[in-house]
There are 2 protein chains.
Amino acid sequence: MSQGYTVAVVGATGAVGETLLQILEERKFPVRTLRLFASERSAGRRLRFLEEEVPVEPLTADGFRGVEFALFSAGAGRSKDFAPAAARAGAVVIDNSSAFRMDPEVPLVVPEINPEAALRHKGIIANPNCTTIVMVMALKPLHDHTRVKRVVANSYQAVSGAGAKAIAELERQVMAWVKGEPITAEGFPHQIAFNVLPQVDVFLENGYTREEMKLINETRKILGDERIQVSPTAVRVPVFRAHSVAVNVETERPVPVATARDLFAAFPGLKVLDDPSRLEYPMPIIAAGTDDCYVGRIRQDLSRENALNFWVVGDQLRKGAALNAIQIAELLIR
Amino acid sequence: MSQGYTVAVVGATGAVGETLLQILEERKFPVRTLRLFASERSAGRRLRFLEEEVPVEPLTADGFRGVEFALFSAGAGRSKDFAPAAARAGAVVIDNSSAFRMDPEVPLVVPEINPEAALRHKGIIANPNCTTIVMVMALKPLHDHTRVKRVVANSYQAVSGAGAKAIAELERQVMAWVKGEPITAEGFPHQIAFNVLPQVDVFLENGYTREEMKLINETRKILGDERIQVSPTAVRVPVFRAHSVAVNVETERPVPVATARDLFAAFPGLKVLDDPSRLEYPMPIIAAGTDDCYVGRIRQDLSRENALNFWVVGDQLRKGAALNAIQIAELLIR
């Protein structure tokens, strides 16, 4: 680690934190020194990175001296409390929480979509919501071709979007089911095993969840077009990993299915899996653990000439979180 | 069983067949004689009904003499082959398959919606697709209030919609996961445990599945309005029982959320479960084993003035199949 950058991972023991370490290794990100931060409870643990055991330190405001990239994934509260201090200490903060996403001073970046925004940062760059990233990856090539006017988006979100504890909760509920024991909910508002929850994140006054409002607001900010309308329903499903979104999109002009397929296929980070004759379409078990977003079930909306339906799936811990954050850091060092 | 009707259940050993027997008992349907039919493989078995053991007979064209109600749920092929013979023998066939649903001579009936259609039958009445029933139960009160123009429908469908074997397949895959063994698909095109499949039924030339086309065509026929546009995506989820549908509906005139809630609450067979402050909304685990359809997450579409979003869940073996069929028979004997 002699050449390179001092990188801090805040929330190192969480589901995204763990994925950040994997991807820093995989992509050979030039790490000279790795600093790991987590809550008091996890401090003192050691995590393996490359050939070394790296200690987990407790998070403090003055702990960021010398840090060049601070990858935050410890919840919006921690980000609000500590990201400004990290930025003042000279780090570029890439924040996976919702804390700064809608701050007009903070770029909200998907590197394939709006890399130029990252370069205008003032110390903090926000990593978008995981479901939003997966969806906008497919909207962007359509939007560049002929403006996206309105999207009806329905998500099928994996439990790992809610963190490592949520994965354990689904496992625990499935084991209770196997043993014929009562299934109890802890982190989730209701049973998630063999059930679906039409609630992701908390409810707001207007009847939408915070997750749904992220799909509306973040889509506009990332695509740089406040006119885009999004009508979202965010639903949790008993899947461990990878979010799916069923997208109905109305465009300025009609887009033939063949054109949409070509646009998707040409877009970096997007793979077309769309051969019904071979029962081929994107699924969570295909996307899990991979870097691309997968799009399929591309078809003309039979109810409206200038509309298409499609289905997009991405690993929300990788492209939806950790990978996207590291791609932002890579943009800055290029 | 001295007073009443001779009732035949065709496909008695399937998931819907089993539910038909339960509901005939529960509702004290006036059964004088019960005849059970199934494939050769199941013939000879005996099934319990009330206090008796009823033998399962092999299905033959001349087996329907004296039968007054023949409740078919053995697949479209069996219905095509045997339902006309049953009708010729004098039975009223209530057919749960897709065989006759779009036949202009055959009424397609949801008793709360178009009971009058049932009375015009010519021997065969079709029971609609399970997902369609759950959705139209919520569309009907809106359509009566101000015409439904367009629906974007995304389903979250339980495995039991694909029959008893599909339930066993999900169980088997979950047990394989528990034991760390490889998960293999048999009836479903791909793994369903901890996955979602954007495919229900087979693909058609236009890129839609047959299930999706049912949602378009059957909705129009049941609501008696060929102008209604439906843009569907049908998805299988690892849930044992009860289908959920996320509905985005555009109406002729705007419908305030409070009005929609009142319309839903007043409609027979529909229950409103919609209190976000108490984390209350419909879920498969609430609907499973019950007769009502449940609607919640009722909210203004922020992207369009004359549109609403809502979420409706119903037990597809009961209201989506067996219960609806028996309600049709009850209509006829009233």
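The values are calculated or read from the model by the stated rules, or taken from the named source; none is laboratory data. Remember, predicted model here, so these are calculated numbers, not experimental data. A quick note on method: Cβ atoms are made from the backbone with ideal geometry, for glycine too, and the neighbour counts reach across all protein chains shown. Note: accessible area is taken over every heavy atom of the protein model, side chains too, but ligands, DNA and RNA are not part of it. Shrake-Rupley method; radii C 1.70, N 1.55, O 1.52, S 1.80 Å.
Among residues of segment B:147-177 being modelled with pLDDT of 95 or more and of a type in the set (Gly, Ala, Ser), the one that is farthest from B:Ser231 (Cα to Cα) is B:Ala176. Among the criteria (1) within 12 Å of chain A (Cβ to nearest Cβ); (2) part of a helix (DSSP H, G or I); (3) over 26 Å from A:Ala158 (Cβ atoms), the one B:Ile286 does not fulfil is (3). Taking B:Ile167 as the residue in question, decide whether it is part of a helix (DSSP H, G or I), in contact (Cβ under 8 Å) with a residue 12 or more places away in the chain and within 26 Å of B:Ala153 (Cβ to Cβ). Against the criterion (part of a helix (DSSP H, G or I), in contact (Cβ under 8 Å) with a residue 12 or more places away in the chain and within 26 Å of B:Ala153 (Cβ to Cβ)), B:Ile167 qualifies. Residues of segment A:299-318 include at least one that is out of contact with any Phe, Trp or Tyr (no Cβ under 9 Å at 6 or more places or on another chain), assigned to a loop (DSSP other than H, G, I, E, B), open to solvent by less than 10 Å² (accessible area, probe 1.4 Å) and free of Cβ contacts under 8 Å to residues at least 60 places away in the same chain. On the basis of being surrounded by 14 or more Cβ atoms within 10 Å (Cβ to Cβ), under 24 Å from B:Leu331 (Cα atoms) and among the hydroxyl-bearing types (Ser, Thr, Tyr), does B:Ser73 make the cut? Criteria met by B:Ser73.
Under the condition of being of a type in the set (Val, Ile, Thr) and more than 10 Å from chain B (Cβ to nearest Cβ), which residue from segment A:254-271 is surrounded by the fewest Cβ atoms within 10 Å (Cβ to Cβ)?
Initially, segment A:254-271 is screened for residues of a type in the set (Val, Ile, Thr), giving A:255, A:257, A:259.
Subset that is more than 10 Å from chain B (Cβ to nearest Cβ): A:255, A:259.
Numbers: A:Val255: 22, A:Thr259: 14.
In this case the residue turns out to be A:Thr259.
If the condition is being under 25 Å from the mean Cα position of the chain (by Cα), under 23 Å from A:Leu332 (Cβ atoms) and open to solvent by less than 60 Å² (accessible area, probe 1.4 Å), then segment A:47-56 contributes only A:Phe49. Screening A:His145 with (1) of a type outside the set (A, V, I, L, M, F, W, C); (2) under 29 Å from A:Pro254 (Cα atoms); (3) out of contact with any helix residue (DSSP H, G or I) (no Cβ under 6 Å at 6 or more places or on another chain); (4) away from chain B (no Cβ under 14 Å) gives one miss only, at (3).
In this structure, A:Asp291 does satisfy being without any contact (Cβ under 8 Å) to a residue 40 or more places away in the chain and in contact with a helix residue (DSSP H, G or I) (Cβ under 8 Å, 6 or more places away or on another chain).
Among the criteria (1) touching a Phe, Trp or Tyr at 6+ places or on another chain (Cβ under 8 Å); (2) not basic (Lys, Arg); (3) not in a helix (DSSP H, G or I), the one A:Pro141 does not fulfil is (3). A count restricted to segment A:228-274 and to residues that are free of Cβ contacts under 8 Å to residues at least 12 places away in the same chain and hydrophobic (A, V, I, L, M, F, W, C) stands at 2. On the basis of being part of a strand (DSSP E or B) and over 19 Å from B:Tyr294 (Cα atoms), does B:Ala86 make the cut? No, not satisfied.
Applying the selection to segment A:239-253, what residues are over 19 Å from B:Ser303 (Cα atoms) and surrounded by 24 or more Cβ atoms within 10 Å (Cβ to Cβ)?
The answer is A:Val239, A:Ala242, A:His243, A:Ser244.
Within segment A:212-232, take every residue that is within 27 Å of B:Leu273 (Cα to Cα) and open to solvent by less than 10 Å² (accessible area, probe 1.4 Å) and give me the one that is farthest from the other protein chains (Cβ to nearest Cβ). Top of the filtered list is A:Leu215.
Each row is one residue, and each column tells you yes or no for (1) free of Cβ contacts under 8 Å to residues at least 40 places away in the same chain; (2) assigned to a strand (DSSP E or B); (3) farther than 24 Å from B:Gln3 by Cβ.
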| site | (1), (2), (3) |
| --- | --- |
| B:Leu20 | no, no, no |
| B:Ala43 | yes, no, yes |
| B:Lys80 | yes, no, yes |
| B:Val93 | yes, yes, no |
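A count restricted to segment A:183-210 and to residues that are more than 7 Å from chain B (Cβ to nearest Cβ), within 21 Å of B:Phe194 (Cβ to Cβ) and open to solvent by 10 Å² or more (accessible area, probe 1.4 Å) stands at 6.
Restricting the first member to segment A:97-118 and to residues that are on the phi > 0 side of the Ramachandran plot and hydrophobic (A, V, I, L, M, F, W, C), and the second to residues that are open to solvent by 40 Å² or more (accessible area, probe 1.4 Å) and part of a loop (DSSP other than H, G, I, E, B), no beta-carbon pair is closer than 7 Å while six or more apart or on different chains.
Residue-wise test of (1) surrounded by fewer than 18 Cβ atoms within 10 Å (Cβ to Cβ); (2) not acidic (Asp, Glu).
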site: B:Val7; (1), (2): no, yes
site: B:Leu34; (1), (2): no, yes
site: B:Pro58; (1), (2): yes, yes
site: B:Val92; (1), (2): no, yes
site: B:Glu105; (1), (2): yes, no
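Would you be able to say whether some residue in segment B:173-181 is open to solvent by 50 Å² or more (accessible area, probe 1.4 Å), in a helix (DSSP H, G or I) and more than 9 Å from chain A (Cβ to nearest Cβ)? The answer is no; no qualifying residue exists. For segment A:122-138, filtering for residues that are in a loop (DSSP other than H, G, I, E, B) and either without any contact (Cβ under 8 Å) to a residue 40 or more places away in the chain or aliphatic (A, V, I, L, M) (or both) leaves 2.
Within segment A:300-334, the only residue that satisfies the criterion of being basic (Lys, Arg) and within 14 Å of chain B (Cβ to nearest Cβ) is A:Arg304.
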